[in-house]
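Structure, as structure tokens:
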Amino acid sequence: MVRPFHDPSIFPRSGPPARRPAGRQSTSSPYRHMPGHGHGPRVGSVGAAEQPRRAGLRRADAQTRSTVPIPASEHALQTAVAESWFKVSDEGRILEGAIFDRSGNLLFCDVTGRRVLRLTPDKRLSTVITLDALAPGGLAFHKDGRLFIAALDIPNGRGAIFAVNPDGSGLQAIVPPVAGYMPNDLVFDARGGFYFTDFKGTATEPKGGVYYAAPDLATIKPVLPNLAMANGVALSPDGKSLWATEFGRNLLHRIELADATTIAPIGSAIAYHFVGPAPDSMRVDADGNVYVAIYGQGRVLAFNRNGIPIGQVLLPGRERGHNLASTSLAIHPGRNDLYAVTSDMDRGQGATVFHAKVFSKGLSPALSQ
């Protein structure tokens, strides 16, 4: 990833501290800036810390005019700007669930059309399957080659997980709608079981969570309950760390696993609290770095294996309000090529796959979703 240039008009640096007038001594009280102490301001007075308000804020610039300014804490991250790689549609169709198969094809969901799509390396697009009622949103490959699909009907609060053959035949309900979940995304472990997120709840009524379906695909147990619209889910390359995003409360969870369904002692932590809308799907690279698509901001944030932000990928036009519905991404197995899917909604630039170079290579299809 390239390092960002530093434009003082966008990210101003503070200058040297102002000198105290000659002959004026500072007070020795450590509470001198608190009301009623030393020479600090009295209650109701305007102190030195408030002086900038009198002059007003500086005039709007490229950073402050944008509806999606980069938060101050993320200004200094290594930054890459993605390039358009493939135009899926001239319509603002919602895309989701990007993954690679063993042949190097990129699969992703057309949520608007309830379709799973396949894009070949030479950019030929085809439909794998169209679902009848639920909209596909998350994809993952079982080690036996079947494609598992997390599908939702958000307005009616229902969903399911299906499995199909690579050609789209043999549709089978693995977690049926009657089970009561709203599956949003999923990831397989090395044993053949999978974790999935339940998208239920709100910020004030967290009713969703992360669940584990055992390799027999019949037993489901909660792993991380009481989440607000649990969304993305991923595993570290060694399978010992589970990551999840909480869309409703802007959180990134990092979980150390004692076993498939047990959190290790002191193994649950909030690794990051996002600013603005809203963490969506995520993927892990071969070094254990975690990449989170930020829905509503047109960018991807990268974290190291400890959940510390280390980089970001910006989508073109985001500062003008384009390509903000960035929902998901995939990293090509064996290459450090990231592909992000996004929609421009009703702003005229359709639905697009973007490409950027990132820190490390993608994992094999059986381990990366």
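Miscellaneous remarks
For every residue, the table says whether it meets (1) of a type in the set (Ser, Thr, Tyr); (2) out of contact with any Lys or Arg (no Cβ under 8 Å at 6 or more places or on another chain); (3) modelled with pLDDT of 95 or more.
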| site | (1), (2), (3) |
| --- | --- |
| Ala160 | no, yes, yes |
| Val164 | no, no, yes |
| Asp167 | no, yes, yes |
| Asn184 | no, yes, yes |
| Asp189 | no, yes, yes |
| Tyr195 | yes, yes, yes |
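- Residue pairs meeting the criteria (Cβ under 8 Å; at least 6 apart or on separate chains; first farther than 17 Å from Asp167 by Cα, in region 123-151; second of a type in the set (S, T, N, Q) and surrounded by fewer than 22 Cβ atoms within 10 Å (Cβ to Cβ)): Ala135/Thr112
- Residue match in region 291-304 (condition: surrounded by fewer than 23 Cβ atoms within 10 Å (Cβ to Cβ) and under 30 Å from Ala163 (Cβ atoms)): no
- Residue that is surrounded by 24 or more Cβ atoms within 10 Å (Cβ to Cβ), over 19 Å from the mean Cα position of the chain (by Cα) and within 15 Å of Ile161 (Cα to Cα), where the choices are Phe199, Phe194: Phe194
- Inspection of region 188-200 finds a residue satisfying the criterion of being closer than 25 Å to Ala278 by Cβ and part of a loop (DSSP other than H, G, I, E, B).
- Yes/no for Asn323 being surrounded by fewer than 19 Cβ atoms within 10 Å (Cβ to Cβ) and touching a residue at least 24 places away in the same chain (Cβ under 8 Å): no
- Region 140-157, residues that are farther than 20 Å from Leu106 by Cβ and not in a loop (DSSP other than H, G, I, E, B): Leu152, Asp153
- Residue within region 112-130 that is within 24 Å of Ala173 (Cβ to Cβ), among the aliphatic types (A, V, I, L, M) and more than 22 Å from the chain's Cα centre (by Cα) present: yes
- Region 213-234, residues that are more than 25 Å from Pro277 (Cβ to Cβ) and touching a Leu at 6+ places or on another chain (Cβ under 9 Å): Ala213, Val223
- Test: residue in region 133-142 that is surrounded by fewer than 16 Cβ atoms within 10 Å (Cβ to Cβ), modelled with pLDDT under 95 and not β-branched (Val, Ile, Thr): yes
- Within region 191-219, residues that are over 17 Å from Val175 (Cβ atoms) sit with their Cβ atoms under 7 Å from residues that are among the polar types (S, T, N, Q) and modelled with pLDDT of 95 or more, at 6+ positions apart or across chains, in these pairs: Pro206/Asn226.
- Boolean, Ala173 is of a type in the set (A, V, I, L, M) and surrounded by fewer than 18 Cβ atoms within 10 Å (Cβ to Cβ): yes
- From Gly239, Gly267, residue being small (Gly, Ala, Ser) and outside any strand (DSSP E or B): Gly239
- Number of the exception - Lys221 against (1) closer than 19 Å to Ile263 by Cα; (2) assigned to a loop (DSSP other than H, G, I, E, B); (3) among the charged types (D, E, K, R): (2)
- Matching option when the condition is surrounded by fewer than 22 Cβ atoms within 10 Å (Cβ to Cβ), touching a residue at least 24 places away in the same chain (Cβ under 8 Å), over 17 Å from Ser169 (Cα atoms) and in contact with a Ser or Thr (Cβ under 7 Å, 6 or more places away or on another chain), among Gly97, Gly92, Gly104: Gly92
- Per-region count, region 158-185, residues touching a strand residue (DSSP E or B) at 6+ places or on another chain (Cβ under 7 Å) and either in a helix (DSSP H, G or I) or under 12 Å from Ile220 (Cβ atoms) (or both): 7
- You will find that of Thr112, Thr127, the residue that is β-branched (Val, Ile, Thr), surrounded by fewer than 21 Cβ atoms within 10 Å (Cβ to Cβ) and either touching a His at 6+ places or on another chain (Cβ under 8 Å) or assigned to a strand (DSSP E or B) (or both) is Thr127 and no other.
- Exactly one residue out of Asp287, Asp346, Asp280 is in contact (Cβ under 8 Å) with a residue 24 or more places away in the chain, of a type in the set (Asp, Glu) and in a strand (DSSP E or B), and it is Asp280.
The values are calculated or read from the model by the stated rules, or taken from the named source; none is laboratory data. In this text the structure is predicted, and so the values were computed from the model without any measurement. When we count neighbours, we look across all protein chains shown, and the Cβ atoms used for this are built from the backbone with ideal geometry, even at glycine.
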